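Notes to accompany the following structure.
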Amino acid sequence: MPILVTGGAGFIGSHTCVELLNSNYEIIILDNFSNSNIESLNRLKELTGKNFEVYDVDLLDKENVDNIFKENHIEAVIHFAGLKAVGESVEKPNYYYQNNVTGTLVLTEMMQKYNVYNLVFSSSATVYGIPKAVPISEDFPLIATNPYGRTKLMIEKILRDLNVSNKDWSIASLRYFNPIGAHESGLIGEDPKGIPNNLMPYITQVATGKLPELSVFGNDYSTPDGTGVRDYIHVVDLAKGHIKALEKVLSTNGVESYNLGTGQGYSVLELVDAFEKASGQKIPYKIAPRRPGDIAECYADPSKAERELDWKSEKSLEEMCLDSWRWQERNPDGYLSKTVEIK
Ligand code: NAD
Ligand code: UFG
């Protein structure tokens with residue numbers, strides 16, 4: 001029975017599909033390509049040598065989502081589809097609540113209709129808001145500080161309510177910290193539209209000369225070098241966490257949240273330094289004012305995932321930098337790049 005992957009053409013979804021296919025799961029991908037390119041799925045086929053069904057469908061399109069469930073005996077859903085830009089969510093809250101919250105309601109309604117109760121959901125460390133301390137464990141207070149974060153928090157609460165209403169539901173909400181890196185093949189990776197919001201894709205575009213220099217947002221935080229500290233995690237490690245979470249939801253009932261992070265924080269300047277060493281590229285930067293809404297430090301206590309999912313991250317910061325760089329160097333225009341050279 002296949003696993004339905006919503007948002008499977010995106011950054012984390014595509015890497016998770018590689019792991020699913022390599023673990024011999026049959027998959028079906030639903031994506032509206034609002035923030036991705038179909039080329040990622042061609043690369044996925046090339047990389048794994050496997051085929052799969054793709055539905056170019058919007059989650060808000062109830063009739064077509066219904067058809068996907070009607071046509072396939074789906075065993076479980078991994079739900080990545082969502083909008084994720086914090087700044088944009090402040091400007092367009094309606095769009096974010098519609099897409100993320102209503103999209104999830106449509107999905108779970110169809111899951112109930114077709115008796116599919118196994119779900120792995122993409123949540124975010126953003127649900128911890130400004131954490132009272134670090135490392136952050138799952139029992140910390142949940143207070144999102146922007147519309148994007150509130151969509152994640154609302155969805156987590158909705159999923160808990162579903163489980164209260166029907167104990168057949170088996171759900172894992174995975175709270176990602178900061179995913180970076182790319183598949184080591186250099187075939188798939190993060191392909192942000194326009195100027196990147198996030199640090200690593202910004203750095204890699206400075207490295208290729210596409211952007212002139214990095215702005216480091218603040219060097220007066222109470223961190224060792226004054227710049228923001230985050231828990232960067234290799235996207236392939238994150239993808240493997242989804243396989244473990246899937247195994248868990250397929251074998252138990254209930255609803256649980258898990259931090260997926262490394263447990264190790266690195267500052268902006270430490271990441272720049274690691275990237276320079278791994279890539280051999282110089283990253284010019286200037287110190288700029290703090291970015292509104294940013295917090296000083298955020299890193300996970302990932303011990304619950306290790307205990308209950310038998311998962312922990314394995315890849316080093318150096319591997320994250322090397323793989324991010326390989327992807328960017330070989331695909332300077334992301335999935336619009338024509339040629340991909342494989343070693
Ligand atoms: P992404 O934008 O690369 O992937 C999301 C995919 O969902 C895209 O392919 C997009 O086209 C699709 N999509 C969006 N709305 C849709 C809809 N209504 N119908 C069908 N498809 C739709 O993002 P990503 O980085 O791979 O993130 C995946 C998930 O993880 C998101 O839910 C995101 O909020 C969450 N997350 C990401 C990060 C991060 O830093 N990347 C951190 C924490 C949580
Ligand atoms: N930063 C810079 N310059 C940049 C971009 C970022 O100095 O050009 C700094 C930020 O100030 C922060 C660090 O780099 O200190 C990381 O910033 P990112 O934008 O890469 O990541 P965030 O931690 O701000 O947010 C990310 C996702 C959110 C998610 C959160 C927690 O973008 O959606 O991780 O998972 F909610």
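The values are calculated or read from the model by the stated rules, or taken from the named source; none is laboratory data. Predicted, not measured: the structure shown is a model, and the values here were computed from it. All Cβ positions, even for glycine, are placed from backbone atoms using ideal geometry, and neighbour counts span all protein chains on display. Heavy atoms of the whole protein, side chains included, go into the accessibility calculation; ligands, DNA and RNA do not. Shrake-Rupley method; radii C 1.70, N 1.55, O 1.52, S 1.80 Å.
Starting from the stretch 262-278, take each residue that is on the phi > 0 side of the Ramachandran plot and list its partners that are more than 12 Å from ligand 2 (Cβ to nearest atom), counting only C-beta distances under 9 angstrom and pairs at least six apart or across chains.
Final answer for the pair search is Gly263/Pro135; Gly263/Asp301; Gly263/Pro302; Gly263/Ser303; Gly263/Lys312; Gly263/Ser313.
Quick check on my filter: what residues within the stretch 215-227 are open to solvent by 10 Å² or more (accessible area, probe 1.4 Å) and either in a loop (DSSP other than H, G, I, E, B) or under 22 Å from Arg326 (Cβ atoms) (or both)? Steps first, please.
First pass over the stretch 215-227, keeping only residues open to solvent by 10 Å² or more (accessible area, probe 1.4 Å): 215, 217, 219-225.
Asn219, Asp220, Tyr221, Ser222, Thr223, Pro224, Asp225, listed by residue number.
Return the residues of the stretch 107-133 that are more than 12 Å from ligand 2 (Cβ to nearest atom) and buried (at least 19 other Cβ atoms within 10 Å of the Cβ); say none if nothing qualifies.
Once the filter is applied, which keeps residues that are more than 12 Å from ligand 2 (Cβ to nearest atom) and buried (at least 19 other Cβ atoms within 10 Å of the Cβ), the stretch 107-133 yields Leu107, Thr108, Met110, Met111, Val116, Tyr117, Asn118, Leu119, Val120, Phe121.
Count, please, the residues in the stretch 45-74 that happen to be part of a loop (DSSP other than H, G, I, E, B), open to solvent by 50 Å² or more (accessible area, probe 1.4 Å) and in contact with a helix residue (DSSP H, G or I) (Cβ under 7 Å, 6 or more places away or on another chain). Quick ask: steps written out before the conclusion?
Here is the first cut: in the stretch 45-74, the residues part of a loop (DSSP other than H, G, I, E, B) are 49-52, 57-61, 72-74.
Keeping just the survivors that are open to solvent by 50 Å² or more (accessible area, probe 1.4 Å) gives 49-51, 58, 60-61, 73.
Among the residues that remain, those that are also in contact with a helix residue (DSSP H, G or I) (Cβ under 7 Å, 6 or more places away or on another chain) are: 50-51, 60.
Of the residues in the stretch 45-74, 3 are part of a loop (DSSP other than H, G, I, E, B), open to solvent by 50 Å² or more (accessible area, probe 1.4 Å) and in contact with a helix residue (DSSP H, G or I) (Cβ under 7 Å, 6 or more places away or on another chain).
Among what's in the stretch 303-328 and is under 27 Å from Gly218 (Cα atoms) and of a type outside the set (A, V, I, L, M), pick the residue that is most open to solvent (accessible area, probe 1.4 Å). Let's see the steps before the verdict.
Of the residues in the stretch 303-328, the ones under 27 Å from Gly218 (Cα atoms) are 316-325, 328.
Restricting the remaining residues to those that are of a type outside the set (A, V, I, L, M) gives 316, 318-319, 321, 323-325, 328.
Values: Ser316: 47, Glu318: 115, Glu319: 70, Cys321: 1, Asp323: 11, Ser324: 8, Trp325: 24, Gln328: 12 Å².
Checking each candidate, the answer is Glu318.
Would you pick out the residues in the stretch 169-214 that are under 13 Å from the mean Cα position of the chain (by Cα), more than 18 Å from Leu269 (Cβ to Cβ) and not in a loop (DSSP other than H, G, I, E, B)? Walk me through how you get there before you give the answer.
Taking the stretch 169-214 as the starting set, the residues that turn out to be under 13 Å from the mean Cα position of the chain (by Cα) are 173-182, 189-192, 198.
Applying the additional criterion that residues be more than 18 Å from Leu269 (Cβ to Cβ) yields 173-177, 179, 181-182, 189-192.
Across the stretch 169-214, the qualifying residues are Ser173, Leu174, Arg175, Tyr176, Pro179.
Condition check: under 19 Å from Pro224 (Cα atoms) and touching a helix residue (DSSP H, G or I) at 6+ places or on another chain (Cβ under 6 Å). Does Ala274 satisfy that?
Numbers: under 19 Å from Pro224 (Cα atoms): yes; touching a helix residue (DSSP H, G or I) at 6+ places or on another chain (Cβ under 6 Å): yes.
So Ala274 fits the description; yes.
Any residue in the stretch 4-20 that is open to solvent by 50 Å² or more (accessible area, probe 1.4 Å) and closer than 28 Å to Asn178 by Cβ? Walk me through how you get there before you give the answer.
We begin by selecting, within the stretch 4-20, every residue open to solvent by 50 Å² or more (accessible area, probe 1.4 Å); these are none.
Within the stretch 4-20, none of the residues are open to solvent by 50 Å² or more (accessible area, probe 1.4 Å) and closer than 28 Å to Asn178 by Cβ.
Of all residues in the stretch 21-38 being of a type in the set (S, T, N, Q) and near ligand 1 (Cβ under 6 Å from one of its atoms), which is surrounded by the most Cβ atoms within 10 Å (Cβ to Cβ)? Full working, then the answer.
Within the stretch 21-38, the subset of a type in the set (S, T, N, Q) is 22-24, 32, 34-37.
Among the residues that remain, those that are also near ligand 1 (Cβ under 6 Å from one of its atoms) are: 32, 34-36.
Values: Asn32: 19, Ser34: 13, Asn35: 18, Ser36: 22.
Checking each candidate, the answer is Ser36.
Just the residues that are touching a residue at least 40 places away in the same chain (Cβ under 8 Å) and among the aliphatic types (A, V, I, L, M), please, taken from the stretch 204-218. Outline the logic, then answer.
Of the stretch 204-218, the ones touching a residue at least 40 places away in the same chain (Cβ under 8 Å) are 204-208, 210, 212-218.
Listed by number, the residues that qualify are Val206, Ala207, Leu214, Val216.
Here is a list of conditions, (1) modelled with pLDDT of 95 or more; (2) assigned to a loop (DSSP other than H, G, I, E, B); (3) not β-branched (Val, Ile, Thr), and Ala144 meets all of them except one; can you say which number that is?
So Ala144 meets the others, but not (1).
State all residues of the stretch 241-282 that are within 16 Å of ligand 2 (Cβ to nearest atom), assigned to a helix (DSSP H, G or I) and open to solvent by less than 60 Å² (accessible area, probe 1.4 Å); if no residue qualifies, say none.
Gly241, His242, Val268, Leu269, Leu271, Val272, Ala274, Phe275, Glu276
Quick one: would you say Ser251 is modelled with pLDDT under 95 and small (Gly, Ala, Ser)? If you could, list the steps in order and put the result at the bottom.
Working: modelled with pLDDT under 95: no; small (Gly, Ala, Ser): yes.
Taking the combined requirement at face value, the residue does not satisfy it.
Report whether or not Leu83 is among the aliphatic types (A, V, I, L, M), within 9 Å of ligand 1 (Cβ to nearest atom) and within 20 Å of Ile12 (Cα to Cα). Give the derivation first.
Values: among the aliphatic types (A, V, I, L, M): yes; within 9 Å of ligand 1 (Cβ to nearest atom): yes; within 20 Å of Ile12 (Cα to Cα): yes.
Yes.
Restricting attention to the stretch 97-113, does a residue exist that is assigned to a loop (DSSP other than H, G, I, E, B) and of a type outside the set (A, V, I, L, M)?
Taking the stretch 97-113 first, the residues assigned to a loop (DSSP other than H, G, I, E, B) are none.
No, the stretch 97-113 contains no residue that is assigned to a loop (DSSP other than H, G, I, E, B) and of a type outside the set (A, V, I, L, M).
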